[in-house]
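Working notes, structure below.
The values are calculated or read from the model by the stated rules, or taken from the named source; none is laboratory data. Keep in mind that this is a model prediction, so the values were computed, not measured. Don't worry about glycine lacking a Cβ; one is built from the backbone with ideal geometry, like all the others, and counts go over all protein chains shown. Surface areas here come from the heavy atoms of the whole protein model, side chains and all, with no ligands, DNA or RNA. Shrake-Rupley method; radii C 1.70, N 1.55, O 1.52, S 1.80 Å.
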Amino acid sequence: MKEMPLEEYVLKGNAACAGCQDMVALRHAHKALEGDVIQVVPACCTSVVQSLWPKTGLAVPVLNTGFAAAAATASGVRAALAAKGNDHTTVMVWAGDGGTFDIGIQALSGAFERRTDFLYVCYNNQVYSNTGTQRSGATPLHAQTSTTWHGKTEPEKLLDLVVAAHEPAYQATANAAYPRDLYEKFQRARGIRGPKFIHIFLPCPQAWNYPVEKGVEIGKLAVETGYWIMWERIGEEFKLDPVSERYRDPAKRKPIDEFLKLQGRFAHLFKPTRDDKKLAELEAFVQHRWDLVMRTFT
Ligand SMILES: Cc1ncc(C[n+]2csc(CCOP(=O)(O)OP(=O)(O)O)c2C)c(N)n1
Ligand code: SF4
């Protein structure tokens with residue numbers, strides 16, 4: 001961490017919940033971009049955190065935009081910068097999973113198809129947190145939310161594959177529990193022209209119902225159980241991160257229970273009795289994601 005800039009762009013005393021992993025991710029992303037960025041934010045937790053009038057939570061220019069329009073707004077910002085002869089400032093969308101998997105997907109697809117030179121970041125807390133934890137297209141199978149009381153009946157959308165079909169110049173997954181890796185990925189993305197996508201796994205204590213100090217442990221368990229795969233793709237070149245390489249082998253993975261048990265949203269899978277069928281379905285989904293990612297990219 002020593003070589004990271006000391007400058008802070010995510011300011012203290014902002015409106016995030018205690019233990020918010022979004023702030024950890026945002027902090028390290030901004031250190032990598034060193035202030036040469038215009039951030040576009042659709043409606044989500046981040047828009048509340050950074051813009052509670054009359055103060056601001058971010059020390060960079062921010063443009064708040066409509067829920068569905070983040071990537072289209074970014075295309076406009078890039079065009080305005082180009083008109084001024086600026087080709088160095090990163091235009092970065094920072095959107096939740098609701099604003100990406102569901103509501104913003106059309107604008108995202110359009111901007112990628114136009115080859116807009118920008119970085120789209122989806123911080124995935126797997127739920128519409130800001131408005132009361134409603135299920136999103138990124139909510140996992142069997143997770144309890146305020147609109148799926150008995151657990152969600154559909155598995156999460158595998159958005160990385162949808163994005164990959166747009167052939168971005170750069171694509172990666174990241175995780176707030178691995179801040180150095182996250183920092184380095186943003187550094188690399190900064191130096192690449194064209195449409196870029198970083199997908200951040202982001203535990204949310206409020207929506208997932210766990211004690212605030214468990215965020216990093218849950219983030220790491222997601223990787224160690226194979227639930228979240230860490231990888232990077234520069235153009236056509238795919239690389240599994242060393243931290244995920246060993247979990248390619250299912251026998252090396254920790255049981256999925258270790259990841260799920262810490263979260264209140266999955267408590268019904270263990271109490272009053274262990275629901276073996278639903279847990280097996282979640283294990284099967286983990287393998288399904290591995291199979292699809294490896295088959296698509298390697
Ligand atoms: C068109 C539209 N519909 C609904 C809303 C209300 N709204 C604001 S934030 C939000 C949830 C955002 O969820 P997500 O993108 O996952 O981000 P998070 O809140 O989890 O950070 C909703 C539904 C809105 N602002 N605009
Ligand atoms: S609801 Fe979750 S993502 Fe939103 S500010 Fe609170 S901890 Fe962060």
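Some points to look at:
- Cβ-based net charge around GLY194, under 9 Å, with every Lys or Arg adding one and every Asp or Glu removing one: +2
- Ratio of the Cα radius of gyration of the stretch 103-179 to 2.2 N^0.38 Å, where N counts its residues: 1.25
- Cα-centred dipole magnitude for the chain, charges only on beta-carbon of K, R (+1) and D, E (-1), debye, nearest 20: 260 debye
- Loop-exposed GluC sites (Glu not before Pro) per DSSP, neighbour cap 16 Cβ within 10 angstrom, longest uninterrupted part of the chain: 35-235
- Looking at the stretch 235-298, the trypsin sites (Lys or Arg not before Pro) that sit in a DSSP loop and have at most 15 other Cβ atoms within 10 Å of their own Cβ are LYS261, ARG274.
- Candidate lysines - alpha carbon under 26 Å from LYS277, same-chain residues fewer than 8 apart omitted: LYS152, LYS157, LYS220, LYS252, LYS254, LYS261
- Neighbour cut-off at most 16 other Cβ (10 Å), DSSP loop, trypsin sites (Lys or Arg not before Pro), the stretch 102-146: ARG114, ARG115
- Each of MET4, PHE118, VAL41 was scored by the projection of its Cα onto the charge dipole of the chain, and the greatest displacement toward the positive side belongs to VAL41; charges sit on the C-beta of Lys, Arg, Asp and Glu.
- The stretch 1-78: radius of gyration and largest Cα-Cα distance (Dmax), Å: 12.8, 38
- Accessible area in the full protein assembly, largest first, 1.4 Å probe, for CYS20, CYS44: CYS20, CYS44
- Label-to-label distance for ARG180 and LYS252 is 1.9 nm, based on points extended 7 Å past Cα in the beta-carbon direction.
- Take the chain with all the other protein chains still there, run a 1.4 Å probe, and you get 43 Å² of accessible area per residue.
- Tilt relative to the chain, helix 179-190 - C-alpha long axis, 0 to 90 degrees, to 10: 40 degrees
- Top positive-direction residue, dipole computed over the chain with Cβ charges, set VAL24, GLY191, SER109: VAL24
- Summed residue charge, Cβ within 15 Å of LYS157's Cβ, Lys/Arg positive, Asp/Glu negative: -2
- Dipole size of the stretch 171-252 about its Cα centre, with +1 on Lys/Arg Cβ and -1 on Asp/Glu Cβ: approximately 240 debye, rounded to the nearest 20.
- Dipole of the stretch 232-298 [Lys/Arg +1, Asp/Glu -1 at C-beta], most positive-end residue of PHE266, THR298, TYR247: PHE266
- Counting protein heavy atoms only, the chain has 57 percent of its accessible area on carbon and sulfur, 1.4 angstrom probe.
- Exposure rank, largest accessible area first [PHE270, PHE112; 1.4 Å]: PHE270, PHE112
- Taking only Cα atoms of the chain, radius of gyration then Dmax in Å: 18.4, 63
- Helix 21-33 axis versus longest C-alpha principal axis of the chain: approximately 40°, rounded to the nearest ten.
- Sparse-neighbour loop sites [trypsin sites (Lys or Arg not before Pro); the stretch 1-60; at most 13 other C-beta within 10 Å; DSSP]: LYS2, LYS12, LYS55
- Tilt relative to the chain, helix 70-83 - C-alpha long axis, 0 to 90 degrees, to 10: 20 degrees
- Fluctuation leader among ALA72, ALA18, ALA189 - the chain, Gaussian network, Cα springs under 10 angstrom: ALA18
- Virtual paramagnetic centre 7 Å along Cα→Cβ of HIS88, amide N under 15 Å, in the stretch 27-45: 33-38
- Taking a ≥ b ≥ c as the square roots of the eigenvalues of the Cα gyration tensor, the stretch 152-298 is prolate, since a/c reaches 1.5 or more and a/b is larger than b/c.
- Taking the Cα centre of the stretch 42-114 as reference, the dipole from Cβ charges on Lys and Arg (+1) and Asp and Glu (-1) amounts to some 260 debye.
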